[in-house]
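Here's the structure we're looking at; comments come further down.
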Amino acid sequence: MYNPVFLTAAVEALDENLPAIDEISSIEDIKDIQENLNPGFFEKFLQGLPEVFFNFGIRILIAVVFFLVGRKLIKLIIKLINKSLNKAGSEKGVITFIDSFLRISLYALLFLIIASQLGVEAASILAVFGSATLAVGLALQGSLSNLAGGVVILLMKPFKVGDYIKEDSHGNEGRVTEITIFYTRLTTIDNKEVMIPNGALANTSIVNVTWLPARKIDFSVGISYEADLLKAKELLKIKAKEMPGYLGNEEPSVFVKSLDDSAVTIGCRFYVETAEYWNAYWSFNETVKLTFDSEGVEITYNKLDVNIRQNG
């Protein structure tokens, strides 16, 4: 790309040595132009080069100062905004998203200011920026959909940082650790990091396991037809109340779920704190087995009776 400063100097020198285009009407006029292009023209142009280089160097120096000062201001602005969001109690995902978006936007604005300082017209910058935006948008349609998905997630708030979610598109699940402009990070139970595009999350079904403060344990066990049904139901109700995180605002629901071929299936449902769900669920399974064994309540399992017939 030609430097506009050099072009301006050259055009000004030509304007002083050449007639207007509408004054050229014959070959003699063209000859006069050739005579006017004497060494004095080039000498004058070369004499003006030091001043041009000096002015351009000053502009470069100012642009460097603009960049250094602008970078410091951007860091300060982002720091102040993050501090204000933290004081306001904003979610961590919102803070990280705004941080990334502001950083990109402010650096783009700084670039426009520096380009304008170097002599590039604002209209030209905007035209180039618009064309580049269109080209980048066509090339990065997926990234733009992820950006839009991130905005949707922050506005609709189907989950936040710290929630445990399951997504249906690929079956990923884990605890949300970060929500960025384009991706959401999950940490799985076995401590693996999963990065899911925001566009995919915004267009799929999401199960937020930790959205509510309480979860219901739905437990069932099969006992033999000869076992004491009422005793088994009472034992389940007592042991449910002893589970970690049990919420006593509602009595455990114990009922006969079904009468199967070889067992009476008893169901038990009760609420526990969400954070204690798995501890309570695993503990309840173990407690029911040990309690039924000690109380003589038989838990059925598939049995196969083999009869051997001998002929003669």
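Would you point out which residue out of F182, F219 is among the aromatic types (F, W, Y), closer than 27 Å to S100 by Cβ and surrounded by 13 or more Cβ atoms within 10 Å (Cβ to Cβ)?
Only one candidate qualifies: F182.
From the set of residues in region 268-287 that are farther than 19 Å from Y164 by Cβ and surrounded by 20 or more Cβ atoms within 10 Å (Cβ to Cβ), which is farthest from the chain's Cα centre (by Cα)?
Just the residues of region 268-287 that are farther than 19 Å from Y164 by Cβ, to begin with: 268-270, 283-287.
Okay, now just the ones that are also surrounded by 20 or more Cβ atoms within 10 Å (Cβ to Cβ), so 268, 270, 284.
Numbers: C268: 40, F270: 36, F284: 38 Å.
Going through the qualifying residues, I end up with C268.
Looking at (1) at pLDDT below 70; (2) polar (S, T, N, Q); (3) buried (at least 16 other Cβ atoms within 10 Å of the Cβ), can you tell me which one N172 breaks?
Exception for N172: condition (1).
Could you list, in sequence order, all residues of region 164-184 that are assigned to a strand (DSSP E or B) and aromatic (F, W, Y)?
Residues satisfying the conditions are Y164, Y183.
Counting residues that are on the phi < 0 side of the Ramachandran plot and in contact with a Pro (Cβ under 9 Å, 6 or more places away or on another chain), which strands (runs of 3 or more DSSP E) fully inside region 185-293 reach at least 3?
Strands (runs of 3 or more DSSP E) meeting the threshold: 264-273.
Answer with yes or no whether D228 is of a type in the set (D, E), in contact with a helix residue (DSSP H, G or I) (Cβ under 9 Å, 6 or more places away or on another chain) and modelled with pLDDT of 90 or more. Spell out the reasoning first.
Values: of a type in the set (D, E): yes; in contact with a helix residue (DSSP H, G or I) (Cβ under 9 Å, 6 or more places away or on another chain): yes; modelled with pLDDT of 90 or more: yes.
Yes; evaluated as a whole, the condition is true for this residue.
Using beta carbons and a limit of 7 Å, which pairs, at least six apart or on different chains, have the first residue in region 261-285 and modelled with pLDDT under 95 and the second one β-branched (V, I, T) and in a loop (DSSP other than H, G, I, E, B)?
Matching pairs, first to second residue: S262/T300; A263/T300; T274/T210.
The values are calculated or read from the model by the stated rules, or taken from the named source; none is laboratory data. Treat the numbers as computed from the prediction; the structure is a model and nothing was measured. A quick note on method: Cβ atoms are made from the backbone with ideal geometry, for glycine too, and the neighbour counts reach across all protein chains shown.
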